[in-house]
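Structure first, commentary second.
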Amino acid sequence: MAVFSIVRDRYMGFFAKLAWILVAFVLPIIGPILWFTIGKRYSYGPSGGNG
């Protein structure tokens, strides 16, 4: 589920997606948890908004 969520994220660049996918596979339990708690939080940029 985490990999599908990472791939579908529109606001993240290719290399960031690749890095998150690697984290999800290298750390099979912790990686997806990190994505859903930390990674999705910053999908719009550091300010959390669209601008």
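The values are calculated or read from the model by the stated rules, or taken from the named source; none is laboratory data. The structure displayed is predicted, hence computed values, not measured ones. Every residue, glycine as well, gets a Cβ built from its backbone with ideal geometry; the counts of neighbours run over all protein chains shown. The protein model used for the area step is the full one, side chains on, heavy atoms only, and it has no ligands, DNA or RNA in it. Shrake-Rupley method; radii C 1.70, N 1.55, O 1.52, S 1.80 Å.
Name the pairs whose Cβ atoms lie under 8 Å apart, with the first residue in the range 1-23 and open to solvent by less than 40 Å² (accessible area, probe 1.4 Å), the second of a type in the set (Gly, Ala, Ser), and 6 or more positions between them or separate chains? Close Cβ pairs (under 8 Å, with a partner that is of a type in the set (Gly, Ala, Ser)) amount to Ala2/Ala24; Ala2/Gly31; Ile6/Ala24; Ile6/Gly39; Asp9/Ser43; Met12/Ser43. Figure legend. Inter-residue proximity from the range 29-44: first residues more than 13 Å from Ile6 (Cβ to Cβ) and assigned to a helix (DSSP H, G or I), second residues among the small types (Gly, Ala, Ser) and at pLDDT below 85, beta-carbon distance below 8 Å, spacing 6+ or different chains. Indicated pairs: Arg41/Gly48.
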